[in-house]
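Take a look at the structure below.
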């Protein structure tokens, strides 16, 4: 147990309190604790970009320890894109540093009178002027402040309250989703810098022993081998083979130019790998384009960014994708929402709803992609419309533009296609922060995690459950996975070695938390904490008027079936040649309502998607917390 | 010997079937089974093997419920095999 610091940028007041132990027992820390604080501090009357909103930096219970991948920092806020619950999460070193400095959470409220940054150490917290940093991009800002400690900052996009702006830590790690960068910009807060004086010294021997065992296991786990070798770009090829590579704003689900953007192509630009704090995998990349018009060096790109900035706008030039990723990072933009918003703009232009005096807005035109990135970040021209994300942009454009907006609850879809990856499709619909691949990360079927499926589900449903195209038991996967992910986020470890592939299991985490807390925590108890966090976040949205109507998908996925083709690669051109017949015909979401019915039933929620009083009582979510 | 094999998702799409019983020579390994299957379909071969000729991590194989780590493991009569494409390795923020 450590401290929670409250920093009021309006008054300059800093209050540090010992964190309430009961809060940690109920919500663990990290995302769970952040959600609890958000619920208490930012009600329905709070405008997300007003001084009354909160921006909570929190560290999970394992953060900054010797547990492998215990790097993940978390931010929680009322989201300006959804108007309700918002959070984002990233690796690097910032989150671990916050924990090592002795903080469970740093709660920022108010608004400074001029740009500032907050400097945090074990013994003091100071609000310092940042006038000279305002307007600067991420690298120059980081270069200045890294002399003091680990840096999380915004770029010009956040300063301009671009709603798809994120917070970038450790230069290229993005706490990207939901508009946290805009919230930070609205407070005139350029950066938070943390310097820990010491390591976490409160770790029990049993915890350190389990952490050491896990470090050894993950260092040699064959399930992580491709991630270790190629990073997340390894997904590009197999997503395309599966028909789960959204392209042309989800008008298609495969690209013929997959070899041009594959992991092996990216590998030619990667002189070294990057690891986060305490990570034995090092899936991060450092990419360098040595010369030409896109000459640059940058962290990434990862799979989601490659997909969002490549296939979505139909760009096949890897160097242009790397450069687009760099520009998003430097400006402080969420690459997923930016790529999806650009694809939205291109489809609007295709239908005569949008035009730009300087850019062609044609599919595959990398200059249009790069031009729109700059215009969005600076709110220039049509960039001012697009800076608010696809939902709000579609409302302003009108004429049916909303049918091209690939979003749920205002947040743009990540890079899976709901029709083909149906578990993800349901998860995108139900995620409490909007369309979200990480709220559940329901890979059990698509990644073939048969051993885990056997452990958590009845034998008689396994064949249907593991069929990616069978919708019947997708709610079962999503509910279980949402609980696991909530626990992982509350502990502050990486999903890529846990929820995604079960290289770290809930059993491992229960053992680790038992050792840390000095009392037995069963797997069921651990997953119930995850369930409690999900229900708390749902109740936050319910307070803001959300219900079943918001657990939806863009109409395209319900009414526009796609075919999936087998591609052979032409050895001369490297381009894919589709088979004579598709391997799957007419793939579409068949019955979202039926999936929602089962999802709500499994959760103990009403048919309107609202947790019942009985469910809240079972989860020990006291009513006093929820009436506001 | 006879083994029961169940194919899932993209593997089933490529091979055109979801389940079968296969008769294998005594001493057959996981590797030899995948090698035989790869001769049926080029896309399956591309999924199943690395450029170096090893079984790819993109193909996840279970034998009687346990994930196969060593492809040279010998199969036994009445084994139940599951083969999945492993679509994983995403990223997040």
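Got at least one residue in segment A:559-568 being at pLDDT below 95, touching a strand residue (DSSP E or B) at 6+ places or on another chain (Cβ under 6 Å) and within 14 Å of chain B (Cβ to nearest Cβ)? Yes: segment A:559-568 contains one or more residues that are at pLDDT below 95, touching a strand residue (DSSP E or B) at 6+ places or on another chain (Cβ under 6 Å) and within 14 Å of chain B (Cβ to nearest Cβ). Taking helices (runs of 4 or more DSSP H) as the structural unit, those lying wholly within segment A:90-175 and holding at least 2 residues that are touching a helix residue (DSSP H, G or I) at 6+ places or on another chain (Cβ under 9 Å) and over 19 Å from residue A:279 (Cβ atoms) correspond to A:138-145, A:156-159.
In contact with a strand residue (DSSP E or B) (Cβ under 9 Å, 6 or more places away or on another chain) and within 11 Å of another protein chain (Cβ to nearest Cβ), is that true of residue A:489? Considered against the rule, which asks whether it is in contact with a strand residue (DSSP E or B) (Cβ under 9 Å, 6 or more places away or on another chain) and within 11 Å of another protein chain (Cβ to nearest Cβ), residue A:489 comes out as yes. Just checking, does segment A:203-214 include any residue being in contact (Cβ under 8 Å) with a residue 60 or more places away in the chain and either part of a strand (DSSP E or B) or at the interface with chain B (Cβ under 10 Å from one of its Cβ atoms) (or both)? So far as segment A:203-214 goes, no, none of its residues is in contact (Cβ under 8 Å) with a residue 60 or more places away in the chain and either part of a strand (DSSP E or B) or at the interface with chain B (Cβ under 10 Å from one of its Cβ atoms) (or both).
Answer yes or no as to whether residue A:241 is within 10 Å of chain B (Cβ to nearest Cβ), in contact (Cβ under 8 Å) with a residue 60 or more places away in the chain, part of a helix (DSSP H, G or I) and buried (at least 21 other Cβ atoms within 10 Å of the Cβ). Yes.
Which ones in segment A:495-526 are assigned to a loop (DSSP other than H, G, I, E, B) and under 19 Å from residue A:209 (Cα atoms)? Result: A:498, A:503, A:504, A:505, A:518, A:519, A:520, A:521, A:522.
Would it be correct to say that residue A:23 is free of Cβ contacts under 8 Å to residues at least 12 places away in the same chain, farther than 20 Å from residue A:190 by Cβ and in the same structural domain as residue A:198 (by TED's automatic domain parsing)? No; evaluated as a whole, the condition is false for this residue.
Can you confirm whether segment A:441-454 contains a residue that is within 13 Å of chain B (Cβ to nearest Cβ) and touching a residue at least 60 places away in the same chain (Cβ under 8 Å)? Within segment A:441-454, one or more residues are within 13 Å of chain B (Cβ to nearest Cβ) and touching a residue at least 60 places away in the same chain (Cβ under 8 Å). Against the list (1) within 19 Å of residue A:596 (Cβ to Cβ); (2) assigned to a loop (DSSP other than H, G, I, E, B); (3) under 17 Å from the mean Cα position of the chain (by Cα), the condition residue A:438 fails is (1). The set of residues from segment B:49-85 being within 7 Å of another protein chain (Cβ to nearest Cβ), within 11 Å of the chain's Cα centre (by Cα) and part of a loop (DSSP other than H, G, I, E, B) comprises B:57, B:58. Within segment A:504-514, the set of residues being under 19 Å from residue A:442 (Cβ atoms) and crowded, with 23+ Cβ neighbours inside 10 Å comprises A:504, A:506, A:509. For segment A:42-59, a residue qualifies if it is closer than 20 Å to residue A:535 by Cα and in contact with a strand residue (DSSP E or B) (Cβ under 7 Å, 6 or more places away or on another chain), and the qualifying residues are A:42, A:56, A:58. Residue A:221 falls short on exactly one of the conditions (1) within 14 Å of another protein chain (Cβ to nearest Cβ); (2) under 22 Å from the mean Cα position of the chain (by Cα); (3) within 24 Å of residue A:507 (Cα to Cα), and that condition is (2). Residues in segment A:145-168: is at least one at the interface with chain B (Cβ under 10 Å from one of its Cβ atoms), within 22 Å of the chain's Cα centre (by Cα) and under 30 Å from residue B:86 (Cβ atoms)? The answer is yes; a qualifying residue exists.
Take segment B:3-18 and flag every residue that is facing chain A (nearest Cβ under 9 Å) and either more than 18 Å from residue A:582 (Cβ to Cβ) or without any contact (Cβ under 8 Å) to a residue 60 or more places away in the chain (or both). Matches in segment B:3-18: B:6, B:8, B:12, B:13, B:14, B:16, B:18. Checking A:255, A:288 one by one, the residue that is buried (at least 19 other Cβ atoms within 10 Å of the Cβ) and either outside any helix (DSSP H, G or I) or in contact (Cβ under 8 Å) with a residue 12 or more places away in the chain (or both) is A:255 and no other. Scanning segment B:17-44 for residues that are at pLDDT below 95 and assigned to a helix (DSSP H, G or I), we see that the one that is surrounded by the fewest Cβ atoms within 10 Å (Cβ to Cβ) is B:42.
Given the condition in contact (Cβ under 8 Å) with a residue 12 or more places away in the chain and over 25 Å from residue A:240 (Cα atoms), answer yes or no: does some residue in segment A:309-325 qualify?
No: zero hits.
Here is a yes/no grid of residues against (1) within 28 Å of residue A:39 (Cβ to Cβ); (2) more than 29 Å from the chain's Cα centre (by Cα); (3) loosely packed, with under 13 Cβ neighbours inside 10 Å; (4) more than 14 Å from chain B (Cβ to nearest Cβ):
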| position | (1), (2), (3), (4) |
| --- | --- |
| A:516 | yes, no, no, yes |
| A:519 | yes, yes, yes, yes |
| A:526 | yes, no, no, yes |
| A:536 | yes, no, no, yes |
| A:542 | yes, no, no, yes |
| A:554 | no, no, no, yes |
| A:573 | no, yes, yes, yes |
| A:590 | no, no, no, yes |
| A:606 | yes, no, no, yes |
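Here are A:430, A:390: which of them is touching a strand residue (DSSP E or B) at 6+ places or on another chain (Cβ under 7 Å), more than 10 Å from every other protein chain (Cβ to nearest Cβ) and either over 26 Å from residue A:488 (Cβ atoms) or crowded, with 24+ Cβ neighbours inside 10 Å (or both)?
A:390
Scanning segment A:405-427 for residues that are out of contact with any strand residue (DSSP E or B) (no Cβ under 7 Å at 6 or more places or on another chain), in a loop (DSSP other than H, G, I, E, B) and within 13 Å of chain B (Cβ to nearest Cβ) turns up A:414, A:415, A:416, A:417, A:421.
There is at least one residue in segment A:536-559 that is in a loop (DSSP other than H, G, I, E, B), touching a residue at least 60 places away in the same chain (Cβ under 8 Å) and within 21 Å of residue A:618 (Cβ to Cβ). Taken over segment A:440-453, the criterion of being on the phi < 0 side of the Ramachandran plot and touching a strand residue (DSSP E or B) at 6+ places or on another chain (Cβ under 9 Å) is satisfied by A:445, A:446, A:447, A:449, A:450, A:451. Between A:358, A:362, A:380, A:374, the distinction of being free of Cβ contacts under 8 Å to residues at least 60 places away in the same chain, in a helix (DSSP H, G or I), surrounded by fewer than 24 Cβ atoms within 10 Å (Cβ to Cβ) and in contact with a helix residue (DSSP H, G or I) (Cβ under 9 Å, 6 or more places away or on another chain) belongs to A:374 only.
The values are calculated or read from the model by the stated rules, or taken from the named source; none is laboratory data. Because the structure is predicted, anything quoted here is derived from the model rather than measured. Heads up, the Cβs are rebuilt from the backbone with ideal geometry, glycines too, and the neighbour counts pull from every protein chain shown.
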